[in-house]
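Written out below as structure tokens is the structure these notes cover.
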Amino acid sequence: MNMSVAHILGNRRNGLRKTGSGTMLTGCCLLFFIWPGFPLLESVLAPQAQAADERHDDHAGHDHGEHGERQGHDKDEGSDDHDGHDEHTGHEQDGGIRLTPEIIEATGIRVRVAGPGTLGKRIKLIGEISFNENTFAHIVPAAAGVVREVAADIGERVQAGDVLAILDSREVGEAALEHSDALTAYELAVADFERQKMITANTHKMLEILSREADPQTVADLVSGLKIGAAKADVLDALTTRDLAQVSVAMAEKLFNYQQPIYDNTVKMLELLESTSTAAEAQKTLEHLDIGVAKKEIIEALADVELARANFKRQEQLLQQEVGSAKAMQEARRDLDTAVSTHDALFEQVRLDAEQVHLEAQREYLTAKQEAIAATITYPALLEQVVFDADVALLNARQTHGLAEQQLKISVDKLRVLGLSHDAVQKLAGSDQPITYLPVTAPFDGTITEKHISRGEWLGEDSDAFTIADLRTVWVNLSLTQTDLMYVHLDQPVRVAARHVDATAAGKVTYLSPTIDESTRTVLARLEIDNASGDWRPGLFVVAEVDSGDAPAAVLVPKNAVQILDEQAVVFIANGQSFTPRPVTTGRSDKKYVELLSGLSPGQRYVAEGAFQLKAKITISGLGSHAGHGH
């Protein structure tokens with residue numbers, strides 16, 4: 001095994017100069033401690049180590065170099081062209097070696113014709129299992145507080161929403177009080193909003209009734225069941241006032257119309273009586289005039305004047321005839337003056353009473369008419385005002401409701417930010433739990449991987465209480481050299497194996513770092529694998545095999561056909577029973593085959609099997625790789 005390791009390290013010196021000897025040595029040494037059943041280790045421990053050994057292996061089951069393989073078997077001439085010499089071996093003048101058919105057969109030398117083939121690339125990479133950081137979280141409390149209860153421990157499986165710990169937080173208490181106030185204000189706003197909606201709807205309904213009904217009593221009966229408030233009474237009063245005003249106008253107008261002819265007749269009567277001297281004449285003159293009691297009183301007063309005047313004249317004549325007395329004449333004179341004064345006063349009083357009654361009727365009519373007009377104008381204005389007030393009140397109630405709802409939402413959001421779930425917020429008002437209660441919950445299903453919390457300790461907002469990881473999937477972090485980068489791309493299939501895991505896992509490359517690590521000169525590649533079994537534990541070292549697909553090669557030979565002679569890669573050209581080493585330039589390779597870029601052309605015959613034995617014979621005989629140059 002020590003010889004194999006030395007051989008491998010010697011063959012890899014060029015690669016070590018490029019990628020850093022420390023990195024490659026560590027990678028090679030790790031391979032011996034990782035599952036020996038992996039194909040890479042089989043190739044490393046093969047008895048015939050190759051000078052062009054690469055870290056790239058072929059796809060299992062692929063027929064690489066198939067064309068050359070068939071040609072080599074069909075035209076195997078390891079025992080042809082025997083020259084008839086008796087010696088078993090000999091040296092050609094060009095520095096090659098000549099073997100007898102018996103030795104060719106005994107050493108297992110097989111010759112093939114060089115030709116094209118296909119390389120299957122499988123890159124072996126060292127990696128490490130890590131947490132899937134998309135399902136890995138450090139659990140910190142939403143607010144600082146004192147730990148009252150710890151409900152979870154390391155290794156426990158938890159589900160999203162499970163309470164891991166309970167804190168006593170002053171900040172949560174303040175937020176809970178704000179929420180309580182906001183909830184009370186919101187409930188009041190809701191009640192007022194609903195009440196105002198009902199009032200506004202009933203107001204519009206009352207308006208619709210008023211548009212088709214005018215009788216106050218009918219309207220009052222129809223709106224009696226509607227809850228509107230003081231506005232209903234105001235409207236009914238206005239409707240009644242309008243109705244009464246219209247009745248008052250009609251009555252005042254009727255009275256005025258009744259008083260007008262009486263007044264006119266009274267004025268006419270007074271005008272006629274100015275030219276009338278006797279009661280009989282007045283009776284006849286005023287017969288057609290409808291005046292009332294005033295006519296009778298005036299005629300009677302006129303008759304009294306007429307009687308008193310006649311009595312005075314008779315007493316005057318008697319006194320002249322010295323039959324009467326002066327006293328009787330004086331009394332008659334006094335009675336005449338009294339009758340005239342009474343007549344004149346009654347005449348004037350009738351005039352004044354007629355004018356007063358007429359003016360009063362006129363005033364009452366005009367007043368009633370004005371009040372009716374005012375009531376007619378005020379009533380629709382009142383209806384408009386009632387509707388406007390109801391709509392404004394509804395708008396204000398809606399605005400108050402919206403503001404209260406917004407404040408409640410802010411208080412609820414604050415509690416949720418502090419870690420209280422929707423159900424906890426809903427139950428908060430009627431809960432017996434202290435208002436400082438703060439649960440620390442699991443954000444998703446997973447396993448507790450760390451715990452940094454104890455009962456009674458103070459926990460700050462930046463303190464890690466737990467770490468939780470959903471281990472149903474994990475990441476595999478791979479380190480790629482610059483050479484590996486050309487074979488690895490996103491979405492590329494990868495298989496992963498580990499020494500202590502029986503199964504293998506499959507995944508695809510999900511991330512390639514856009515930068516190269518300055519310290520290791522490697523590029524991070526990542527894939528995600530299923531870990532339902534729990535075998536792939538974070539921190540576990542693994543070997544990953546990346547399938548980079550097939551690539552054509554113009555000349556493809558088995559890796560055993562290429563040997564290192566005098567620190568130079570050579571293949572053995574077959575010419576009958578003669579075999580000459582020829583320097584070649586190697587290119588890409590897989591587990592079994594290597595591409596030759598120069599030194600061997602398609603159609604040339606070369607040693608596909610037994611090249612190591614030829615190399616040994618040449619080394620023992622003292623020949624070197626210069627033999628093929630004819631030196």
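Values in this text are rule-based calculations from the coordinates and carry no lab data. Keep in mind that what you see is a predicted model, and the values were worked out from it rather than measured. Don't worry about glycine lacking a Cβ; one is built from the backbone with ideal geometry, like all the others, and counts go over all protein chains shown.
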### Task
Would you mind counting up the charge near ALA503? Only other residues with Cβ under 13 Å from its Cβ, with Lys and Arg at +1 and Asp and Glu at -1.
-1
### Query
Which length gain, in nm to one decimal place, applies between THR515 and GLU384 when the Cα-Cα distance is subtracted from 0.36 nm times their residue separation?
39.5 nm
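Given the alpha-carbon gyration tensor of the stretch 210-404, what are the semi-axes of its equivalent ellipsoid in whole angstrom, ordered largest first, with each equal to the square root of 5 times an eigenvalue? Mind dumping the intermediate values first?
Values: eigenvalues 978, 46, 26 Å².
Rounded to whole Å, the semi-axes are 70, 15, 11.
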### Message
With just the Cα atoms defining each centre, how far is the stretch 440-455 from the stretch 263-296? Give it in Å.
### Response
121 Å
### Task
Could you compute the FRET efficiency for LYS313 and GLN356, with r as their C-beta to C-beta distance and R0 at 30 Å, rounded to 0.05?
0.20
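Could you list MET486, MET329, MET269 in order of exposure, starting from the residue whose Cβ has the fewest other Cβ atoms within 10 Å?
Details: MET486 11, MET329 19, MET269 24.
Ordered from fewest to most neighbouring Cβ atoms within 10 Å, MET486, MET329, MET269 come out as MET486, MET329, MET269.
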### Task
May I ask you to sort ILE103, ILE468 by Cβ crowding, counting other Cβ atoms within 10 Å and putting the fewest first?
ILE103, ILE468
### Query
Suppose R0 equals 60 Å; then what is the FRET efficiency for LYS284 and ALA374 from their Cβ-Cβ distance, rounded to the nearest 0.05?
0.75
## Note on the structure
Quick note on HIS358, HIS343, ordering by fewest other C-beta atoms within 10 Å, gives HIS358, HIS343
### Message
Quick check: the distance between the Cα centres of the stretch 166-201 and the stretch 337-375, to the nearest angstrom?
### Response
72 Å
